[in-house]
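A.B. asks: Questions regarding the structure given below will be posed in turn.
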Amino acid sequence: MDLDKLMGKHLTRYFDPTRTIPEDTLQQLLKFLRSTPTSTNIQPNHFYVIATPEGKQQLADNLGERFQDNAGKILNSSHTIILTTRADLPDSHVEAVFSKERADGRFPEPAKQELWESMTRDFLNLRNYGYKDVNHWMEKQTYMALGLTMMAAAELGIEAMPLEGFDPASVDKAFKIRETGHATTVLLALGYPDPNKNYTNPISRFDTDELFTFV
């Protein structure tokens, strides 16, 4: 990964509608997205991969009246991912996580798996009843997946543009997301840049001494 190249790069705002991500490249990126870590391995997400013209139109039509400027980004993208987060954290989901870990042999010794499950439950109780921020905490996991996937996309030569300019309730309704126990958190449009609309001006960031404190 060329970090110097990434540090001077603008996020693409305009996609080339004539280019599509090859299927093997897309599957590699989705495999990476599936692998992204979450705190306590809680995996609170479900991802909707919007690939067809009909799906992109459905999403573009349901961004909300205030956010129609983003419709073209969705329509011109190769794919757009709707990243959703669980609305709550029922015991059934926690048990499903534990069951999958046992099946995958995450901890080869049963005693270590039991200790892990006990520690995880204690931490989740803290989030639920102590900090009372379980929804916000789960959304943090979603944004961690978003950021890591954007880096992976860059490594694969794919442009990735996160979008918060949309009405989550409208998207949830259009794709019946809330019926699954989830809610839309953020969108990630993917594709290749429009060569006629590339930014060439330098990026602007605060100076190092304003951003870092060394102790």
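A.B. asks: Mind listing whichever residues of region 68-114 are of a type in the set (S, T, N, Q) and farther than 30 Å from G165 by Cβ?
C.D. replies: Within region 68-114, S92, S99, Q113 qualify.
A.B. asks: Of the residues that sit in region 25-74 and are outside any helix (DSSP H, G or I) and of a type in the set (G, A, S), which one is farthest from K100 (Cα to Cα)?
C.D. replies: By that ranking, first place goes to G64.
A.B. asks: Something else now. List every residue pair whose Cβ atoms sit under 6 Å apart, with the two residues 6 or more apart in sequence or on different chains, where the first one lies in region 108-121 and is touching a residue at least 12 places away in the same chain (Cβ under 8 Å) and the second, anywhere, is part of a helix (DSSP H, G or I).
C.D. replies: From region 108-121, the pairs are E117/F98; T120/T40.
A.B. asks: Which condition breaks for K173 when tested against (1) without any contact (Cβ under 8 Å) to a residue 40 or more places away in the chain; (2) among the basic types (K, R); (3) surrounded by fewer than 16 Cβ atoms within 10 Å (Cβ to Cβ)?
C.D. replies: Just one mismatch for K173, condition (1).
A.B. asks: Ok, one more. Which pairs turn up if I take residues in region 201-215 that are under 18 Å from K9 (Cβ atoms) and look for partners that are modelled with pLDDT of 95 or more with beta carbon separation below 9 Å, at least 6 apart in sequence or on another chain?
C.D. replies: Close Cβ pairs satisfying both conditions: R205/L211.
A.B. asks: In region 75-90, what residues are of a type in the set (A, V, I, L, M) and not in a loop (DSSP other than H, G, I, E, B)?
C.D. replies: Listed by number, the residues that qualify are L75, I81, I82, L83.
A.B. asks: Here's a follow-up. Can you name the residue in region 179-215 that is in contact with a Ser or Thr (Cβ under 9 Å, 6 or more places away or on another chain) and surrounded by fewer than 16 Cβ atoms within 10 Å (Cβ to Cβ) and is also modelled with the highest pLDDT among such residues?
C.D. replies: Of everything passing the filter in region 179-215, T180 is modelled with the highest pLDDT.
A.B. asks: Oh, and also: Can you find a residue that is loosely packed, with under 12 Cβ neighbours inside 10 Å, modelled with pLDDT of 95 or more and within 15 Å of K73 (Cα to Cα) anywhere in region 14-37?
C.D. replies: Scanning region 14-37, I find at least one residue that is loosely packed, with under 12 Cβ neighbours inside 10 Å, modelled with pLDDT of 95 or more and within 15 Å of K73 (Cα to Cα), so the answer is yes.
The values are calculated or read from the model by the stated rules, or taken from the named source; none is laboratory data. Nothing here was measured: the structure is a model prediction, and the numbers come from that model. Cβ atoms come from the backbone with ideal geometry, glycine included; neighbour counts cover every protein chain shown.
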